[in-house]
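A.B. asks: Sending over a structure as structure tokens; questions will come in a sec.
The values are calculated or read from the model by the stated rules, or taken from the named source; none is laboratory data. Remember, predicted model here, so these are calculated numbers, not experimental data. For neighbour counting, all protein chains shown are included, and Cβ atoms are generated from backbone atoms with ideal geometry for every residue, glycine included. For accessibility, only protein heavy atoms count, side chains too; no ligands or nucleic acids. Shrake-Rupley method; radii C 1.70, N 1.55, O 1.52, S 1.80 Å.
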Amino acid sequence: MITLYGYPRSRSLRVSWLLEESGLDWQYHLVDLMKGEHKSPNYQALSHQGKVPTLTDNDITLCESSAICFYIAEKYVPQWIPKPGTTESALHHQWVSFIISELEQPLWSMGKHKFALPEQIRLPEMLAVASWEFKKAAQTAEAWLPDSDYVIGRSPSIADILLAHTLNWAVKFEQKLPTKLEKYRQKLNQRPALMRALNKEQQALGEH
């Protein structure tokens with residue numbers, strides 16, 4: 001049985017979204033960050049950093065949302081990644097690297113200096129710096145985004161899940177998106193699998 005350890009709307013949503021798209025049987029295990037459950041010895045035995053998501057599948061335990069998504073796609077739903085060695089695959093790798101290292105990075109800097117870091121080492125000045133960095137990265141994403149529904153051709157891929165989730169974070173952090181990116185974000189947010197993943201997360205939180 002596949003088990004995803006996560007918290008609503010965190011990076012674990014990327015994995016729960018893909019799992020819902022895949023049609024696989026899986027279960028959601030809430031790690032309540034507000035109650036400090038990510039710091040428990042039991043959870044840190046799975047995730048040394050005490051972060052979400054973590055996924056277990058038989059004898060494998062994985063952390064890092066993009067790595068988990070690639071594992072799921074390669075093992076169970078290969079249609080969610082382009083064929084290796086193709087131009088589409090190269091562009092997909094470029095998107096994934098860019099999203100994680102350039103587009104998400106300033107948003108996480110905002111999060112760290114708003115709530116994640118110990119209060120005594122937060123720097124309010126970092127918010128303006130991070131906002132500038134995000135705006136610059138968003139301009140690149142806007143230029144790269146094709147006129148098709150998805151970043152690679154006519155079918156959704158892992159890069160779409162990572163990009164849409166990151167853009168939703170940006171909106172939550174009150175960052176204005178360029179026109180194409182905002183339309184893209186709204187369209188991806190309409191996918192039924194995302195709605196099911198969100199509901200599953202919220203249900204787990206409500207039952208906890």
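A.B. asks: Roll a 1.4 Å probe over the protein chains and send me the accessible area per residue for segment 129-173 in Å². Show your work: numbers first, answer last.
C.D. replies: Details: 2050 Å² over 45 residues.
Per residue, segment 129-173 has an accessible area of 46 Å².
A.B. asks: Please name which of F134, P192, S47 has its Cα lying farthest along the dipole of the chain towards the positive end, using unit charges on Cβ (Lys, Arg +1; Asp, Glu -1) and the Cα centre as origin.
C.D. replies: F134
A.B. asks: Mean separation of Cα pairs under 8 Å and 6+ residues apart, divided by the residue count of the chain: what relative contact order is that in percent?
C.D. replies: Values: 247 pairs, mean separation 52.8, N = 208.
The normalised contact order for the chain reaches 25 percent.
A.B. asks: Still on this structure, I have one more. Among DSSP beta bridges whose residues both lie in the chain, state the antiparallel percentage, nearest 5. Write out the running numbers ahead of the final one.
C.D. replies: Details: 8 of 13 bridges.
Percent antiparallel among DSSP bridges in the chain is about 60.
A.B. asks: Test of understanding: what is the full-extension gain from R196 to N42, defined as 0.36 nm times their sequence separation minus their Cα-Cα distance? Present the calculation step by step, with values, prior to reporting the outcome.
C.D. replies: Working: separation 154, 0.36 × 154 = 55.44 nm, distance 2.80 nm.
This chain segment gains 52.6 nm when fully extended.
A.B. asks: Quickly estimate the mean residue ellipticity at 222 nm for the chain, helices only: each DSSP H run with n ≥ 4 gives -39500 (n - 2.57), and the total goes over all residues, rounded to 500. Display every interim value, and only then the final one.
C.D. replies: Numbers: 9 runs with 107 residues, N = 208.
So the calculated ellipticity at 222 nm is -16000 deg cm²/dmol.
A.B. asks: Using a 1.4 angstrom probe on the protein heavy atoms only, line up C69, C63 by accessible area, largest first.
C.D. replies: Values: C69 0, C63 45 Å².
The residues order as C63, C69, largest area first.
A.B. asks: For every other residue with a beta carbon closer than 15 angstrom to the beta carbon of L123, add +1 if it is Lys or Arg and -1 if Asp or Glu, then tell me the sum.
C.D. replies: So the environment of L123 carries a net charge of 0.
A.B. asks: For the chain, with only Lys/Arg (+1) and Asp/Glu (-1) charged at the beta-carbon, what is the dipole magnitude about the Cα centre, in debye rounded to 20?
C.D. replies: Values: 23 positive and 23 negative charges, 92 e Å.
Charge dipole, the chain, about its Cα centre: 440 debye, nearest 20.
A.B. asks: Do any of K83/K187; K83/K200; K51/K200; K35/K75; K135/K187; K136/K183 go past 28 Å between their Cα atoms, and which?
C.D. replies: Working: K83/K187 25 Å; K83/K200 31 Å; K51/K200 19 Å; K35/K75 34 Å; K135/K187 21 Å; K136/K183 18 Å.
Long pairs (Cα-Cα over 28 Å): K83/K200; K35/K75.
A.B. asks: List, in order, the whole-Hz ³J(HN,Hα) value for each residue of segment 117-127 obtained from phi through the Karplus relation with A = 6.51, B = -1.76, C = 1.60 and θ = phi - 60°; use x for Gly and Pro.
C.D. replies: 6, x, 4, 5, 10, 6, 10, x, 5, 5, 5
A.B. asks: Cβ neighbours within 10 Å, averaged per peptide: list 135-144, 163-172 in order, most packed at the top.
C.D. replies: Values: 135-144: 15.3, 163-172: 20.9.
Highest mean packing first, the order is 163-172, 135-144.
A.B. asks: Follow-up. Using a simple spin-label model with points 7 Å from Cα along the Cα→Cβ vector, what separation in nm is obtained for K187 and S148?
C.D. replies: Using points 7 Å along Cα→Cβ, the separation is 1.1 nm.
A.B. asks: Output ³J(HN,Hα) for segment 63-76: one whole-Hz value per residue in order, computed from phi by the Karplus curve 6.51 cos²θ - 1.76 cosθ + 1.60 with θ = phi - 60°, and x for Gly and Pro.
C.D. replies: Values, residue by residue: 10, 6, 4, 5, 5, 5, 4, 5, 4, 4, 5, 5, 8, 10 Hz.
A.B. asks: Within the set of other residues whose C-beta is less than 13 Å from the C-beta of A197, count the net charge using Lys and Arg as +1 and Asp and Glu as -1.
C.D. replies: Values: positive: R9, R11, R14, R191, R196, K200; negative: E20, E21, E201.
Value of the local net charge: +3.
A.B. asks: Please compute the net charge surrounding E102, taking Lys and Arg as +1 and Asp and Glu as -1 over other residues with Cβ under 11 Å from its Cβ. Please report the intermediate quantities before stating the final value.
C.D. replies: Numbers: positive: K136; negative: E104, E133.
Summing Lys and Arg as +1 and Asp and Glu as -1 gives -1.
A.B. asks: In addition: Evaluate E = 1/(1 + (r/R0)^6) for A67 and Q94, where r is the Cβ-Cβ distance and R0 equals 25 Å; express this FRET efficiency to the nearest 0.05.
C.D. replies: Details: r = 17 Å, r/R0 = 0.68.
Efficiency for this residue pair is about 0.90.
A.B. asks: Carbon and sulfur atoms: what percent of the 1.4 Å accessible area of the chain do they account for? Can you show the working numbers first?
C.D. replies: Working: 5760 of 11150 Å².
Roughly 52 percent, rounded to a whole number.
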